[in-house]
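Colleague: Below is the structure I would like to discuss, written out as structure tokens.
The values are calculated or read from the model by the stated rules, or taken from the named source; none is laboratory data. What you see is a predicted model; the values in this text were computed from it and never measured. Every residue, glycine among them, receives a Cβ derived from its backbone with ideal geometry; neighbour counts consider all protein chains shown. For the accessible areas, the whole protein counts, side chains as well, though only heavy atoms, and no ligand, DNA or RNA atoms are used. Shrake-Rupley method; radii C 1.70, N 1.55, O 1.52, S 1.80 Å.
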Amino acid sequence: MGIDGDMKRLANETSDPEILAGSFFDLRFLAFYSDQFEHGGLASLVRQVLNRKLDKDWRIRASNWEADQLTDKQKLYAADDSVSALQVMAKFYHFMSDEEIESKKSDKERSHSQEY
């Protein structure tokens, strides 16, 4: 789904449109502008950029994330997702100039603000 879909769903579920006014960035957007990587979600980017598999087990994804206590598997899944996204972003900064990334982020933020 990507971070933009997650943020929209969270805004709808909480009835808080201000969530969408915050800053977030979808790594798939940078992959779109790079000729080094295929387009895809985080798991695809982790495979291409970090040369490892990101566990996206549907049983964990579809588990109850609203439970008062998350399972150890849910915590590991969320942590791996977060760390992997940071590692992929760090690699993008290695492959692309800071200015190029910031320019693309600004382009996306402008188009994002016009969507909402």
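Colleague: Residue pairs, Cβ under 9 Å, 6 or more apart or interchain, first in region 45-60 and assigned to a loop (DSSP other than H, G, I, E, B), second among the β-branched types (Val, Ile, Thr) and surrounded by 10 or more Cβ atoms within 10 Å (Cβ to Cβ). List them.
Modeller: Arg52/Val46; Lys53/Val46; Leu54/Val46
Colleague: Is at least one residue of region 74-84 in contact with a Leu (Cβ under 7 Å, 6 or more places away or on another chain) and charged (D, E, K, R)?
Modeller: Here is the first cut: in region 74-84, the residues in contact with a Leu (Cβ under 7 Å, 6 or more places away or on another chain) are 80-81, 84.
Narrowing further to those that are charged (D, E, K, R): 80-81.
Yes, there is a match, as at least one residue in region 74-84 is in contact with a Leu (Cβ under 7 Å, 6 or more places away or on another chain) and charged (D, E, K, R).
Colleague: Could I ask something else about it? Tell me, yes or no, whether region 87-94 has at least one residue that is surrounded by 13 or more Cβ atoms within 10 Å (Cβ to Cβ), in contact (Cβ under 8 Å) with a residue 12 or more places away in the chain and either of a type in the set (Ser, Thr, Tyr) or not in a helix (DSSP H, G or I) (or both).
Modeller: no
Colleague: Out of region 36-55, which residues are out of contact with any Lys or Arg (no Cβ under 7 Å at 6 or more places or on another chain) and open to solvent by 60 Å² or more (accessible area, probe 1.4 Å)?
Modeller: Those that are out of contact with any Lys or Arg (no Cβ under 7 Å at 6 or more places or on another chain) and open to solvent by 60 Å² or more (accessible area, probe 1.4 Å): Gln36, Glu38, Asn51, Arg52, Asp55.
Colleague: Does Asp80 satisfy the criteria of being within 16 Å of the chain's Cα centre (by Cα) and either at pLDDT 75 or above or open to solvent by 100 Å² or more (accessible area, probe 1.4 Å) (or both)? Walk me through how you get there before you give the answer.
Modeller: On the way: within 16 Å of the chain's Cα centre (by Cα): yes; either at pLDDT 75 or above or open to solvent by 100 Å² or more (accessible area, probe 1.4 Å) (or both): yes.
In short, yes.
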